[in-house]
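Just below is one structure, and these are the notes that go with it.
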Amino acid sequence: MSIFLKTEDEIELMREANLLVGKTLALLARNIKPGVTTLHLDKLAEEFIRDNGAVPTFKGFPNPYGGPFPASICTSVNEIVVHGVPDDKTILKDGDIISIDCGTLLNGYNGDSCYTFCVGEVSDEVKKLLRTTKESLYKGIEAAVAGNHIGDIGYAVQSYCENNGYGVVRELTGHGIGREMHEDPTIPNHGRRGNGKMLKSGMCIAIEPMITMGDRKIGLLPDKWSIRTIDGKPAAHFEHTIAIRKGKADILSSFEEIESLEGNI
């Protein structure tokens, strides 16, 4: 396992890439409404990212099961957990939720973040799933400090979500990030305290709880990208990129503009 510790200058470059991701997600938040296609959102994202001097990292990303990813963002609606492919057939409707995962490459470094949005009026049950998933992300971030272990992050996410009655997807994880979108180490959303690699200052990782309302079992759709819950119940996905520090993690991505638009879920 090769883990690259980042310098302060590198972390600041990563912050710029991640803040652009946050601005992209905020732009999409303004356009998420019933009647909009996921392909329309993808086109908005790609244009904005490129207009800001960056490259959408996901576009052309290789797939071990099939062809490269055809779009600039992942748009995962309702029971789609991750990697939903934007198209002109998926039309958002009132009561849906959509997880938008976005990555940018700016000045040689990657940004990566995800947010699950409500479309119109969403049930209280679904709102609770989103709220708990987002809260679990911050529980994981609280555990992500120098001297702790990767298992501490997973334990924080898993225990919080399972204690609230939700499923924690095992097969999909967070990851290290830097010059490459996916670097070591792997960051599971489950684990035991004190287990796994020790966290060191300068490590940059993406923590991304993927939480289901029902059973945690998942399956791959025929497009070889979209992953859905087997029971068809909704899933939520929130992600921040952070830098490990002593005492408190440094969150490089941001939900601030999104939350100013919609209020906290």
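Overview of results
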{"quantity": "Hz values of 3J(HN,Hα) by residue in the range 25-31 - Karplus curve (6.51, -1.76, 1.60), Gly and Pro given as x", "calculated": "4, 5, 4, 5, 4, 6, 10"}
{"quantity": "Accessible-area value, Ile205, 1.4 Å probe, nucleic acids and ligands omitted, Å²", "calculated": "0 Å²"}
{"quantity": "Surface accessible to a 1.4 Å probe, Tyr166 within the full protein complex, Å²", "calculated": "30 Å²"}
{"quantity": "Ile80, Ile187, reordered so the largest accessible area comes first (probe 1.4 Å)", "calculated": "Ile80, Ile187"}
{"quantity": "Choice from Pro234, Pro70, Pro62 showing the highest fluctuation, given a GNM over the chain with Cα pairs closer than 10 Å", "calculated": "Pro62"}
{"quantity": "The chain: relative contact order as a whole-number percent, Cα under 8 Å and 6+ apart", "calculated": "23 percent"}
{"quantity": "Amide proton proximity set for Gly103, modelled H, under 5 Å, gap of 5+", "calculated": "Thr57, Phe58"}
{"quantity": "Normalised contact order of the range 198-265, rounded percent, pairs of Cα under 8 Å and 6 or more residues apart", "calculated": "34 percent"}
{"quantity": "With every protein chain in place, the chain: carbon and sulfur % of accessible area (1.4 Å)", "calculated": "50 percent"}
{"quantity": "Förster radius 22 Å - calculated FRET efficiency between Lys200 and Asn107, Cβ distance, rounded to 0.05", "calculated": "0.40"}
{"quantity": "GNM result for the chain, Cα springs below 10 Å: residue of Ile91, Ile153, Ile211 fluctuating most strongly", "calculated": "Ile91"}
{"quantity": "Positive minus negative residues near Pro209 (Lys, Arg vs Asp, Glu; Cβ under 15 Å)", "calculated": "-3"}
{"quantity": "Overall form of the range 111-258 per C-alpha gyration tensor (a/c, 1.5; a/b vs b/c)", "calculated": "prolate"}
{"quantity": "Heavy-atom accessible area order for Ser226, Ser260, largest first, 1.4 Å probe", "calculated": "Ser260, Ser226"}
{"quantity": "Gap separating the Cα centres of the range 1-58 and the range 217-265, nearest whole Å", "calculated": "14 Å"}
{"quantity": "Student exercise, the range 2-66 dipole from Lys, Arg, Asp, Glu Cβ charges, in Debye to nearest 20", "calculated": "380 debye"}
{"quantity": "Solvent-accessible surface (1.4 angstrom probe) belonging to Arg50, in square angstrom, nearest 10", "calculated": "110 Å²"}
{"quantity": "Rel. contact order, % - alpha carbon contacts under 8 angstrom, at least six apart, the range 1-150", "calculated": "25 percent"}
{"quantity": "In Hz, Karplus ³J(HN,Hα) per residue of the range 44-49 (6.51, -1.76, 1.60; θ = phi - 60°; x = Gly, Pro)", "calculated": "4, 5, 4, 4, 5, 4"}
{"quantity": "Mean residue ellipticity (222 nm) of the chain, computed from DSSP H runs ≥ 4 via -39,500 (n - 2.57), nearest 500", "calculated": "-9500 deg cm²/dmol"}
{"quantity": "Interchain or long-range residues, amide H under 5 Å from Lys217's placed H", "calculated": "Ile230"}
{"quantity": "For Lys93, residues with placed amide H under 5 Å, excluding near neighbours", "calculated": "Gly35"}
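The values are calculated or read from the model by the stated rules, or taken from the named source; none is laboratory data. Remember, it's a predicted structure, so these values are computed and weren't measured experimentally. We place every Cβ from the backbone using ideal geometry, glycine too, and count neighbours over all the protein chains shown. Side chains included, ligands, DNA and RNA excluded: accessible areas come from the protein's heavy atoms. Shrake-Rupley method; radii C 1.70, N 1.55, O 1.52, S 1.80 Å.
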